[in-house]
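Please treat every number below as a calculation from the coordinates, not as lab data. What you see is a predicted model; the values in this text were computed from it and never measured. Don't worry about glycine lacking a Cβ; one is built from the backbone with ideal geometry, like all the others, and counts go over all protein chains shown.
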Amino acid sequence: MQKRTKKGKWDHIKAFGFFIPVLLVFTIFVFTPFFKTLYLSFFEWNLISPKKTFVGLSNYIALFQDPVTVKVLSNTFVYILIMLVVNFIVPYIMSYMMAIMLKKGQNFYKGAIFLPYVISLVVGSILYLWILNPVSGPIGLIARTFGIRLPIWSKTDGLVLLILSLITSWKLFGYNFIVLFAAVNNIPKEIIEVAKLDGISNWHIFKDIVTPMSSATGIYVLIITIVQGLQQGFTPIKVVTQGGPNYGSASLTYQSYHEAFTLYHIGKSSALSVLTMVLFMVLLALEFYFVERNVYYEN
Amino acid sequence: MKIKEHQLGLHFLFILTVLVLLFPLVYALSNSFKTLNDAFNNVFSLIPREFTLQNYIHVFTRLDFMRIVGNTFFISTTVTIFKIITSLLAAYSLVFFNFKGKNTLYFILLSTMFIPFTVTMIPNYLTISSWGLGDSLIGVLIPQLADVLGIFLLRQSMRGIPRSLIEYAQLEGASTYNIITGIVIPLIRPNIISTGILFFVNSWNEYVWPVLILKTKSKFTLSLALQMFISSEGGTDFTIAMAVSVMTMIIPITLYLIFQRYILDTFTTSGVK
Amino acid sequence: MKKKFAVILSMLMVALITLSACGGGSSQKDATTSADGKIKIEYWHVNAETQGGITVDELVKTFNESQDDIEVVAKYNPDMYKGLMQNLQAEIAAGNHPAIVQVGWAFLDYFSNNFEYQDPVAVNEKYDQEDPTFLKDNFMPNILDLAKDSKGNQVGVPYSLSTPVLYLNRDLLKEAGLDPAGPKTWEELNEFSKTIKEKTGKYGFYFQEPADNWATQGLLESNGAKFITDGKATIASKEGIAAYQFWADMVADGTALHTSWDEGMQSFVDGNVAMAYTTIARRESVQKGAQFDVATTTSPAWEGKEINIPAGGCFLGITAVDDEQIEAAWKFEKFLYSVESVAKWTMGTGYVPPRTGVDTAEDGLKKFYEENHMMKAATDQMDKVVPWASFPGDAGLQAEQILLDVRDQILGGQVSAEEGLTDAQNKINELLK
Amino acid sequence: MKSIQLKNIVKRYGNNTVVSQLNLDFEAGKRTILLGPSGCGKSTILRMIAGLEDISEGDLLMGGERMNDVVPGDRDVAMVFQNYALFPHMTVEENIGYALKIHKVNEKERQDRVSSAIKMLELEGYEKRTPRELSGGQRQRVALARAVVKQSHYFLLDEPLSNLDAQLRVHARKELLNLHETYKQTFIYVTHDQIEAMTLGHNIALLYNGDLQMYGTPVDFYNKPANVFTATFIGSPSANISHVTFRNGRVFIGNQNLVLPEVWQAHLTATGMEEMFIGIHPETVWISDTPTENSLSGLVTTVENYGGRWGIHIDIDNENWIVVMKEDVPVKGSTVYLAPDFKKMHFFHPETELNLGSPFH
């Protein structure tokens, strides 16, 4: 029988060949647009005019001089902060409670909490717009029976950020919860039992044993929370407030959409996108630094 | 006795969380059976004062709703199948082949998760239009294929396959094709199913892009059907919008309930092992 | 085995490529002529189901059935005129041209500056030998002028015409012991609102807050202010500031509600706000939802002053480029402006007819008006209509945005009307330079 | 049956050399054991033969043919993995028949071969079970059956018994021997367990840090350890090694000395060395509690019970030796006198640590 030999590079070619479909779509729909956006950020253009004016760095300079940029950046950080509390710290603690403390009903809670993750955030946003209407929604009406007039959150700086973050969290909470739960649940029970025998409080078990032992997943969820929050946070902003009041709820992602599709400042929008990407890249670098490098994968 | 109270408190907390998360769904369902008048004036009651199917009837008679569902289904299914195949190949290559630049490639692909969609929106619109795919279902689905999530999830699950299984098969002379179809796919089938469902659901819920691309009613997807009843100038027809929302939610929720175990299992391994 | 695999892989690729190629074939190649040799034109509109979408479909169907060689395809654009403008930007950037598009008044100058369009009067003369003066014969000059840009070019023909009216919750007014006919002046409206708040604890008034300054223009210009004078923003005049401050004060003392358009109207419809100032285009949706005795009345005036309210809605612009398409576009446009079609349009939407001879014609709106009292307020004030203030030049959209930004600042109480408007005016004039 | 030859085989990962210049012959139809502590490169060698690892340098000859670049599937090897590598989604039957299916063996023959393998390994009744429904021993037998059914010339086993408990292991060893007696493939067996090596191997290749330490029969390994490492690796407990000085026909250990027999004196004098290592197996020393002629005295520090045998730890002027005996066990803290069996004694070069040879062999 003729024996087949490993043709030196054949495996390499095959390995790479498997990537061709993926690389093809990514090249067309991600990498090329990415560089195009970078390119456009040095121009002034309104999307249709045949003339693109090269303006050098002036889009970036304009951004840094614009007080709106500062506001949008600070909004973005507030969004991140709220997301971290609602979508990271809370599910972390709750996943601990479920994995270590709760004795029954785990499967039901897990299933129900994850459910909104499969539902459209647009639908969710429309629903919450009604439910949370401070004048006419159920919550507003209840408050009124106690003689309280709720603040009009969609027009109140700060509060609007909180409510929009909560709407985004409604969808994303379940995913983070499940992933964190898995990490916490994978910690050998003996370790926690020993701690309990030693009379260590639940809080200390969480802080000193559970958190460090699930830290790799913890960091993964932390970063996914920030990034997904920013990407998905766009939808409720667009559906509910369109960035208002006076940019009080605009995030970086929304603002670059706004610049491009409301004002047709393609150059400025691109510059803002580039800025956003730089921010994301820093987060990604952190992700790789903490998660991919420092974690030992068993083969 | 202290223990019991403690459990009660925990259950209270979790039930509250579930209620908060699921209330909007119940609210949507309840309002979709109300008249608009009822919805405006009967905010509290989840049971309609007069139960009506009018909203659903309206949706079905006014819009070619089955076609809209069909379009959405076509897009989501096609996207799912293509993405599963391409992600599977890429993930296999990442896990079971060694080649130069493998980690760099993965890093680059993974980093695309972090690119805000606003970056790619304008150039993609131009690309799709210049291919003559504006206002077409294909134009809606093609850019969705560029998604690294599947590669990420399937790579994670393939890493769980003991290497010796693959080596044994190689030793027996199994080709890569044999290994993928005969060993890898059966072994990570639950993960493939749940990744597929996730693809399906994400594509199903896709909003900004179809709304940007589609203009002809016969090509509409559910996102546009919803948009049809929300107009700033004409006002939102809330109860009809709720009927559309309910219709939009039914399929993802059904899929989720059927495959709940697979999905939860997959996500519990999608973290960092 | 490897071969089999390679085959599958290449099949996948081929499928991908053919998928795109096929899609291209069907949607692109015959954009101008359909399979049966008809001239195919696209009509872009923003009319969602709640805002005349049904009527658009009916009209297009009727027209297509009456034609042997033209086929109109209606394309719905979500997110109103802004959304349509976005799509148009991208579509034209990609080298495609719809034949007729609805252009919101706020985009008048932006549209004329940035897009290739046909002067409808010229098209009328050139392509309609039998009836070369159709537009001049059937449109009041002041109405036709609404669609002239700041340079005086006739950019299109007014189509959806709306005006802001005051919606009343008569039950609430009665409950507070007020005249159910509603206030006639803004000053009176303020008094009404205070009474309502005291007597019922509910909000007296809601002034619409969409992503434009249309109704705001009505409020300010009725007080004698001018948004634009000689191509410059003059919004921060004494009158403008006073009118704006009036609104802000009502918000500040809790008699007026300051919230998004949809939420505000929701609160009016479910009886939590007694009066709402918004477009007549909302008539149907208000009527459908309201459980109380609802009515409309004409836009309030400032004491001793004339009402000046801008026309809302859109005009139709012809963006077709080749002769065949332009001619077909004109035929369709003429059909849309026929007495019957306009009547249908008004009945389906609540927009006011842009042309003459519809209101009184038997096949027009006579009967409809008799049955729909709420429409009366809108038609009654048509003689007070002025053009929507559209800032000239490329910066127009940004100018509009500056006014939206300052609205939130003033109503939110962060700045006074004087500070806010002066600052906005300076910024806009800086842009317009 | 065919032999396997490794000629100057080198394996590198980057700059890290795992196997250096290895030459080894695996005799056709014989059982050769690759023995060594973990990390010595023995598994890598096995995987290179199977084709699962590339060979950096040198030639791999199988049946006289150079096979370096042949794909694993065409090398005609059957392999049993440490974790058995059973497919969890296939039944016992399917697992065993997998290779035949891949090679398109016809249905009938496939069934015959699978069922005879099942019979041979006493797996009847388990055909339709999946691996997770089997015990550890059963899984191991399925893995063997899977290798047997292939009827290949080469049979590679990578620590196949390490996941079994002690009793099963003895049984499994016997089974392996029977299998090999039946099929007589060229059999390469990787293990770190010297007992397995001694009981199973026709030949043993002992590796350390990628270098071959000794190649020989199990008997040679005990009687003629090639170097200090071999002496310490083989035997349980392993040989006592001490640094000694040879002068005037005597070996000096600490402050004491032993007079060597004349044959040894002649042999060692011929090497011309004074400093060297002595190696003495624990079983080759007599102990008495009264001083005897030509003996070493030492203090008993620990006594271990091996079950029927005792291990006596003795401190001889700070040299720690272990002596194994069956009866008359001294108590801890007592002084004992040791007389080694001079015939079974080894001396090693002080630097190369190579065996200096023995006049008795």
Can you give the FRET efficiency to the nearest 0.05 for D:L168 and A:A285, using r as the Cβ-Cβ distance and R₀ = 41 Å?
0.20
Using modelled amide H (1.01 Å from N, peptide plane; none on Pro or chain starts), what sits under 5 Å from the amide H of A:N246, excluding residues fewer than 5 places away?
C:D408
Could you size up the charge dipole of chain C around its Cα centre, putting +1 on the beta carbon of Lys and Arg and -1 on that of Asp and Glu, and report it in debye to the nearest 20?
1060
I'd like to know which of C:L404, C:Y369, C:P354 lies farthest towards the positive end of the charge dipole of the range C:318-420, counting +1 on Cβ of Lys and Arg and -1 on Cβ of Asp and Glu.
C:Y369
Evaluate peptide A:168-175: per residue, the Cβ atoms of other protein chains within 10 Å of its Cβ; return the mean as an integer.
2
Label-point separation in nm, D:S38 to A:H12, each point 7 Å along Cα→Cβ
3.4
Looking at chain C as a GNM with Cα springs under 10 Å, which of C:K226, C:K366, C:K194 has the largest mean-square fluctuation?
C:K366
Would you tell me the mean number of C-beta atoms belonging to other protein chains that fall within 10 Å of each C-beta in B:155-167, as a whole number?
4
More than 20 Å apart - percent of Cα-Cα pairs taken over the range B:101-175
55
How high is the FRET efficiency from C:D383 to A:Q106, r the C-beta distance, R0 45 Å, rounded to 0.05?
0.05
Using only the Cα atoms of chain B, build the gyration tensor, take square roots of its eigenvalues as a ≥ b ≥ c, and label the shape rounded, prolate or oblate: rounded if a/c is under 1.5, else prolate if a/b is larger than b/c, else oblate.
oblate
Computed helical MRE - 222 nm, the protein assembly as shown, DSSP H runs ≥ 4 contributing -39500 (n - 2.57), nearest 500:
-15000 deg cm²/dmol
Shielding by partners, peptide D:62-71 (average Cβ within 10 angstrom, other chains)
3
Candidates B:L13, B:L36, B:L224; GNM for chain B (alpha-carbon contacts under 10 Å) flags as most fluctuating B:L13
Using a ≥ b ≥ c from the Cα gyration tensor of the range A:149-299 (square roots of the eigenvalues), is it rounded, prolate or oblate, where a/c under 1.5 gives rounded and otherwise the larger of a/b and b/c decides, a/b for prolate?
oblate
Step through the residues of the range C:130-145 one at a time and calculate ³J(HN,Hα) from phi using the Karplus curve (6.51 cos²θ - 1.76 cosθ + 1.60, θ = phi - 60°), rounding each to whole Hz and writing x for Gly and Pro.
6, 9, x, 10, 3, 5, 5, 6, 10, 10, 5, x, 5, 6, 4, 5
Too-long pairs where the Cα-Cα distance tops 24 Å, listed order kept, from B:K219/C:K126; A:K238/C:K384; D:K101/D:K128; B:K215/C:K61; D:K119/D:K184:
B:K219/C:K126; A:K238/C:K384
Magnitude of the Cβ-charge dipole of chain B, K/R +1 and D/E -1, about the Cα centre, nearest 20 debye?
540
Compute the relative contact order of chain C as a whole-number percentage, counting only Cα pairs closer than 8 Å that sit 6 or more residues apart in sequence.
23
How would chain A be classified by its alpha-carbon gyration tensor: rounded, prolate or oblate, with rounded meaning a/c under 1.5 and the a/b versus b/c comparison settling the rest?
oblate
Net +/- balance of residues flanking C:A301 in space, Cβ distance below 12 Å, scoring K and R +1, D and E -1:
-2
Residue with peak Gaussian network fluctuation, chain B [Cα springs, cutoff 10 Å], from B:S130, B:S30, B:S203:
B:S130
What is the sum of charges, Lys and Arg at +1 and Asp and Glu at -1, for the other residues whose Cβ falls under 14 Å from the Cβ of C:A274?
-2
Roughly how many debye, to the nearest 20, is the charge dipole of the protein assembly as shown about its Cα centre, given +1 on each Lys and Arg Cβ, -1 on each Asp and Glu Cβ, and no other charges?
3720
Considering only chain C, what is the antiparallel percent among its DSSP beta bridges, to the nearest 5?
60
Ranked highest first by the average count of other Cβ atoms within 10 Å around their residues, in what order do D:157-169, A:18-30 fall?
A:18-30, D:157-169
Once phi is turned into ³J(HN,Hα) by the Karplus curve 6.51 cos²θ - 1.76 cosθ + 1.60 with θ = phi - 60°, what whole-Hz value does each residue of the range C:204-220 show in order, with x for glycine and proline?
x, 8, 10, 9, 4, 10, x, 7, 8, 10, 4, 5, 4, 4, x, 4, 6
Taking amide H positions as placed 1.01 Å from N in the peptide plane, with prolines and chain starts having none, which residues 5 or more places from D:M276, or on another chain, fall under 5 Å of its amide H?
D:V244, D:F246
Grab the other residues whose beta carbon is less than 12 angstrom from that of A:P245, score K and R as +1, D and E as -1, and report the net.
-1
With eigenvalues of the C-alpha gyration tensor scaled by 5 and rooted, the protein assembly as shown, Å
83, 35, 27
Amide H neighbours of C:E42 under 5 Å, counting only residues 5+ apart in sequence or on other chains, H built in-plane at 1.01 Å?
C:V73, C:A99, C:I100
Pairs of alpha-carbon atoms within less than 8 angstrom and 6+ residues apart define the contacts here; what relative contact order does the range D:4-228 have, in percent?
30
Students often forget the sequence filter, so: which lysines lie under 22 Å Cα-Cα from C:K288 once same-chain residues fewer than 8 apart are removed?
B:K34, C:K174, C:K202, C:K344, C:K367, C:K376
Short version: ³J(HN,Hα) in whole Hz for each residue of the range A:144-158, in order, from phi by Karplus 6.51 cos²θ - 1.76 cosθ + 1.60 (θ = phi - 60°), x for Gly and Pro, what are they?
5, 5, 8, x, 9, 9, 5, x, 6, 4, 5, 10, 10, 3, x
